[in-house]
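Okay, structure first, notes after.
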Amino acid sequence: MIVVASSNGRIGIEAATQILRQGGTAVDAVEVGIRLVEANPEDHTVGYNGYPNILGEVELDASVMNGRTLESGAVGALKGYTHAITVARQVMEKLPHVLLVGDGANRFAAEMGNPVQPEMLLPETRTVWANRLRPDMNDADIEAIAERTDLARWVELATDPERAKGTVNFIAQDKDGNICTGVSTSGWAWKYPGRLGDSPIIGAGNYADNRYGAAACTGMGEMAIRASTAHSLVFYMKMGLSLAEACERAMIDLRDLGGRFISVMNLVAIDKAGNHAGFSSVNGRSYIYQTPNMPECEELPRTVIPIPPRWG
Ligand code: ASP
């Protein structure tokens, strides 16, 4: 039994581990852990008070995958609800679908009785957003940004590839050996409205298969979509590679991407035996894990496979 998470999952990993200690399922552990990150207003990359899109609206993406059945659920561009991971789980368990986005996701969240959070942003976070648009826009322009027909240009100006991203990853394996992966994010800060990253895309930011292991990503989501990173990593294990070799191959696939918009990528993964690993394209990144007999999580450095950034 084990819980593995990106380092910003620290606030939720003990609660997730406690679910496993009590004999609960990997799916419950992942949801409980991620909900605590989503509720944390200090984390500007996930859930409540996450950085908004270019219009100043918080749009959340999340996914969950059950490695026992390969059942999955995901939501994209969800507005007005804190717990995207719970709505993703409801998609998995209550609908014959895998992914709901936008108005349909909001409608379904309401139908399932999730509490509405009418103001997803604290005032100081709204100010950070407005400040990103200055000095290129004055206050009146910022106020009227929703009316613009040239948003693509402003997304380019407001985007900081090194600074404005983040996501939480949780992977749990329960007493029955079942694996579940969950991912939740407010996405890329100042993104174009409706942009989805890798987090709600099964196979890109999230994949779990009890037979081999599981993987989840944070970082430049477009890269993980293009390389199908989470699925590739698990597939490499299926083809007989060790966990470390599979992580390395998945990172090399990302490094080998052509074109523009190449930035930081990170992943966490486990194999079916519960061995864990964290990889990153840059130095100084860590991940955490906890087993039921550990009183608290341990933080480990990620193995670095450098990916030279290329932008614009
Ligand atoms: N992967 C997330 C996304 O692209 C953001 C991140 O993890 O930094 O939406």
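Readers should treat all values here as calculations from the given coordinates under stated rules, not as data from a laboratory. Being a predicted model, the structure only gives us computed values, none of them experimental. Methodologically, a virtual Cβ is constructed for each residue, glycine included, from the backbone with ideal geometry; neighbour enumeration extends over all protein chains shown.
The figures follow:
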item: Kyte-Doolittle at least 0.5, axis length at least 27 Å by Cα - qualifying DSSP helices, the chain; result: none
item: CD proxy at 222 nm, helix term only [per DSSP H run n ≥ 4: -39500 (n - 2.57); per residue of the chain; nearest 500]; result: -9500 deg cm²/dmol
item: Per-residue ³J(HN,Hα) for the stretch 284-298, Karplus 6.51 cos²θ - 1.76 cosθ + 1.60, θ = phi - 60°, Hz, x for Gly and Pro; result: x, 9, 10, 9, 10, 8, 8, 10, x, 8, 8, x, 8, 6, 10
item: Alpha-carbon gyration tensor eigenvalues x 5, square-rooted, for the stretch 215-280, Å; result: 20, 11, 9
item: Length added when fully stretched, Asn275-Glu71, from 0.36 nm per residue minus Cα-Cα; result: 71.2 nm
item: Two-decimal Rg/Rh across the stretch 130-251, once Rg and the Kirkwood Rh are taken from alpha-carbon atoms; result: 1.13
item: Cleavage-rule hits (GluC sites (Glu not before Pro)) in the stretch 64-159: DSSP loop, at most 15 neighbouring Cβ within 10 angstrom; result: Glu119
item: Cα centre as origin, Lys/Arg/Asp/Glu Cβ charges: the stretch 1-142 dipole, Debye; result: 400 debye
item: Estimated FRET transfer efficiency when R0 is 25 angstrom, pair Glu299-Glu245 (beta carbons, to 0.05); result: 0.60
item: Euclidean distance of C-alpha centroids, the stretch 254-270 and the stretch 57-110, integer Å; result: 25 Å
item: Signed unit charges on C-beta, dipole axis of the stretch 10-158, positive-most listed residue Gln22, Pro52, Ala144; result: Gln22
item: Cα-based Rg and Dmax for the stretch 192-249, where Dmax is the largest Cα-Cα distance (Å); result: 11.6, 41
item: Kirkwood hydrodynamic radius of the chain, Cα pairs, Å; result: 19.1 Å
item: Excluding exposed DSSP-loop chymotrypsin sites (Phe, Trp or Tyr not before Pro) (at most 15 other C-beta within 10 Å), longest clean stretch of the chain; result: 1-260
item: Rg over Rh, two decimals, the stretch 1-145 (C-alpha only, Kirkwood Rh); result: 1.03
item: Dipole in debye (nearest 20) - the stretch 231-309, about Cα centre, beta carbon charges: Lys, Arg +1; Asp, Glu -1; result: 260 debye
item: Spatially proximal lysines relative to Lys175 (Cα-Cα < 16 Å; intrachain offsets below 8 disregarded); result: Lys272
item: Loop sites in the stretch 205-307: GluC sites (Glu not before Pro), DSSP, at most 15 other Cβ within 10 Å; result: Glu296
